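Scroll down for the structure; my scribbles are underneath it.
The values are calculated or read from the model by the stated rules, or taken from the named source; none is laboratory data. None of these values were measured; they are calculated from a predicted model. Counting neighbours? That spans all protein chains shown, and the Cβs are built from the backbone with ideal geometry, glycine included.
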Amino acid sequence: MKLAPSILSADFANLATEIGKVADAEYIHIDIMDGHFVDNLTFGANVVKALRPYSKQVFDCHLMVTNPENMLDALKQAGADIVGVHYEACPHLHRTLVKIKELGMKAEVVINPATPVSVIEPVLAIVDQVLVMTVDPGLGGQVFLQETLSKISQLAKYKHQHALNFEIEVDGGINDQTIQLAKKAGATVAVAGSYVFGAEKPVERLNALRMGAVERR
């Protein structure tokens, strides 16, 4: 299972140092919030660009913004690898996902806890990753919503039935226990913020997540 530490829970004043602490993770998860789609206000493409020289990891950029299509060119120039856009924020979802791919980045569709999988089925054949929010978006440190596990399982089943290759990412309330539930349901990528960066030694928390993701008999 791939791990994606979220810098939403890192020390904003020392982000380059913070991502160095999790260099063993496959992804760096960057939550971009505009204060409109969600209440919080965080990073933009300028921060992605500033961090790019400090890491060769996959920059997994999760856009919690209105009009996400307006940010795509800047994110490409900044060095983003994956760009996730919310179903709830995209009136022209297919067009936005296609543009992400045309720019040479991987396209991800994101759904909130109350959004059913069925509404994104028309675009699953063109995405590289699906992000299931396992908390309500906008704030770190929330509790994992176990009712979202059925959506992860539904996506995994659809993926198998249609011979698709998208990753299934989960974000929110991930720790060494909930990662077991997510993986069993079919998740392949786990975002963890406060569990990792809230610890004195983030690398030990990454190791705990890897151990938690090992299949239990």
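Restricting attention to the stretch 60-107, which residues are out of contact with any Phe, Trp or Tyr (no Cβ under 6 Å at 6 or more places or on another chain), β-branched (V, I, T) and surrounded by fewer than 17 Cβ atoms within 10 Å (Cβ to Cβ)? Matches in the stretch 60-107: V98 only.
Can you tell me which residues in the stretch 183-215 are under 16 Å from L131 (Cβ atoms) and at pLDDT 95 or above? Lay out the reasoning, then the answer.
Step one: list which residues in the stretch 183-215 are under 16 Å from L131 (Cβ atoms), which gives 183, 185-193.
Result: K183, A185, G186, A187, T188, V189, A190, V191, A192.
Looking across the stretch 51-90, not a single residue is in contact (Cβ under 8 Å) with a residue 40 or more places away in the chain, touching a helix residue (DSSP H, G or I) at 6+ places or on another chain (Cβ under 8 Å) and of a type in the set (D, E, K, R).
So that you can scan it fast, the table gives a plain yes or no per residue for (1) within 25 Å of D136 (Cβ to Cβ); (2) under 17 Å from the mean Cα position of the chain (by Cα):
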residue: C61; (1), (2): yes, yes
residue: M64; (1), (2): yes, yes
residue: D73; (1), (2): no, no
residue: Q77; (1), (2): no, no
residue: I82; (1), (2): yes, yes
residue: H86; (1), (2): yes, yes
residue: L93; (1), (2): yes, no
residue: L97; (1), (2): yes, yes
residue: I100; (1), (2): yes, yes
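Name the single residue, out of those in the stretch 161-172 being surrounded by fewer than 24 Cβ atoms within 10 Å (Cβ to Cβ) and either within 14 Å of the chain's Cα centre (by Cα) or among the hydroxyl-bearing types (S, T, Y) (or both), that is farthest from G193 (Cα to Cα). It would help to see each step written out before you state the result.
Step one: filter the stretch 161-172 for residues surrounded by fewer than 24 Cβ atoms within 10 Å (Cβ to Cβ), giving 161-168.
Okay, now just the ones that are also either within 14 Å of the chain's Cα centre (by Cα) or among the hydroxyl-bearing types (S, T, Y) (or both), so 166-168.
Details: F166: 23, E167: 19, I168: 18 Å.
Of everything passing the filter in the stretch 161-172, F166 is farthest from G193 (Cα to Cα).
When D34 is tested against (1) at pLDDT 95 or above; (2) surrounded by 15 or more Cβ atoms within 10 Å (Cβ to Cβ); (3) among the acidic types (D, E); (4) more than 19 Å from E204 (Cβ to Cβ), just one condition goes unmet, and that condition is (1). Number of residues in the stretch 7-37 that are over 17 Å from R52 (Cβ atoms), in a strand (DSSP E or B) and of a type outside the set (D, E) equals 1.
Matching residues to (1) in contact (Cβ under 8 Å) with a residue 60 or more places away in the chain; (2) within 21 Å of D81 (Cβ to Cβ):
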| residue | (1), (2) |
| --- | --- |
| G104 | no, yes |
| A107 | no, yes |
| A114 | no, no |
| V117 | no, no |
| D128 | no, yes |
| Q154 | no, no |
| T188 | yes, yes |
| V203 | yes, no |
